[in-house]
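The values are calculated or read from the model by the stated rules, or taken from the named source; none is laboratory data. As the structure is a computational prediction, the values presented were derived from the model and not from experiment. Quick reminder, even Gly has a Cβ in these numbers, built from the backbone with ideal geometry, and neighbours come from all protein chains shown. Each accessible area value is taken on the protein alone, full model and side chains, heavy atoms only, with ligands, DNA and RNA left out. Shrake-Rupley method; radii C 1.70, N 1.55, O 1.52, S 1.80 Å.
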Amino acid sequence: MKIEVADEAGLGERGADLVLESLGGRPDPVWGVATGGSPLGIYRALAQRTFRAWRGVRAFALDEYVGLAPDDPRSYRSTVERDVVRALGLDPALVHVPDGSAPDPVLAAKRYERDIEQGGGIDVQVLGIGRNGHIGFNEPGTALDEHTHLARLADETRIDNARYFARMSDVPVSALTQGPATIMRSRRIVLIALGRAKAPAIARALTGPVDPVSPASILQRHPDVTVLLDADAASALPE
Ligand code: PGA
């Protein structure tokens, strides 16, 4: 696991380097994209780079709320289309987001896992981390061998995400998410965290035991993880 500390702009550039290095070297590249505020600097940096192959990149989102229509502006489908697909010029037909409005979400989760596998697996997965150590919507207590599944959101996560909704009661209670085991199959992982609120989760994930209390701790077992931190997010790590 490599840990790099820089300012927000520098982290965006570094994340962009790692993503392009992974995708540029593949004949049929597959990218794992994350929503949330943390990866936006990576997407902004990528938009400034020249990479003519965007149209051929397949992408899989990490997660999606259950119960929002895909064209709801708060859905992750809409967010990914705005921040990634249109920003970079990806082909929307090649960009997959779990189907959070499927009548049978458990089946939709299984299908999504199969689609990732049949797509040849993810070359590089971008990840944020929650204050409680979640990755995707894998909240504390999630079995670390879970694949894409229907997940309940932790109260802390619903509170953090309430900023995107008019009322707390509008925040969905469940989501479809790639599981820890799905994420671990990506060939490379780039985790980005900004701000002091993430410092305890980062310290626990990177230096604590690998266990479901901190779903992100599983990343300690992955052979190619780069953790991009600003000084605040790194502030609880041992010297
Ligand atoms: P954030 O979310 O980037 O908006 O802080 C990260 C996450 O919850 O995984």
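At Arg114 and Arg49, where each label point lies 7 Å from the Cα along Cα→Cβ, what is the point-to-point distance in nanometres?
3.4 nm
When the chain is modelled as a GNM with alpha-carbon springs shorter than 10 Å, which of Pro73, Pro209, Pro103 fluctuates the most?
With Cα springs under 10 Å in the chain, the top fluctuation among Pro73, Pro209, Pro103 is at Pro103.
Residues of the range 195-239 with backbone nitrogen within less than 13 Å of a virtual label 7 Å along the Cα-to-Cβ line of Val5, please, listed as ranges.
Within reach of a label on Val5: 195-196, 199, 203, 228-239.
Just need the relative contact order of the chain here, percent rounded to a whole number, with Cα pairs under 8 Å and 6+ apart.
So the answer I get is 25 percent.
What FRET efficiency comes out for Ala87 versus Asp17 if R0 is 22 angstrom and r is the Cβ-Cβ distance? Round to the nearest 0.05.
0.80
What whole number of Å gives the distance from the Cα centroid of the range 210-225 to the Cα centroid of the range 50-88?
After rounding, the separation between the Cα centres reads 26 Å.
For the chain, what is the charge dipole size about the Cα centre, in debye to the nearest 20, if Lys and Arg each add +1 at the Cβ and Asp and Glu each add -1 at the Cβ?
Dipole about the Cα centre, nearest 20: 280 debye.
May I ask for the equivalent-ellipsoid semi-axes of the chain, computed as the square root of five times each C-alpha gyration tensor eigenvalue and listed largest first in whole Å?
Over the Cα atoms of the chain, the semi-axes work out to 23, 22, 18 Å.
Only Cα pairs within less than 10 Å get springs; with that Gaussian network setup on the chain, which residue of Asp104, Asp224, Asp17 has the largest fluctuation?
Asp104
Please name which of Gly15, Leu150, Ala102 has its Cα lying farthest along the dipole of the chain towards the positive end, using unit charges on Cβ (Lys, Arg +1; Asp, Glu -1) and the Cα centre as origin.
With unit charges placed on the Cβ atoms, the residue in question is Gly15.
Can you pull a Stokes-Einstein diffusion coefficient for the range 102-239 at 25 °C (0.890 mPa s), Rh from Kirkwood over Cα pairs, as a whole number of µm²/s?
Rounded, D is 158 µm²/s.
May I ask you to derive the relative contact order of the range 150-239, considering only C-alpha pairs under 8 Å and at least 6 residues apart, and to give it as an integer percent?
Relative contact order of the range 150-239: 29 percent.
Using 0.36 nm times the number of residues separating Leu237 and Ala102, minus their current alpha carbon distance, what extension gain do you get?
Difference between extended and current length: 44.5 nm.
Once neighbouring chains are kept in place and the probe is 1.4 Å, which whole percent of the accessible area of the range 66-185 is contributed by carbon and sulfur?
Of all accessible area on the range 66-185, carbon and sulfur atoms account for 52 percent.
Using only Cα atoms, locate the centre of the range 134-148 and the centre of the range 7-39, then give the distance between them in Å, rounded to an integer.
22 Å
Could you report the chain's accessible area per residue, 1.4 Å probe, as an integer in Å²?
Roughly 43 Å² per residue, with all protein chains present.
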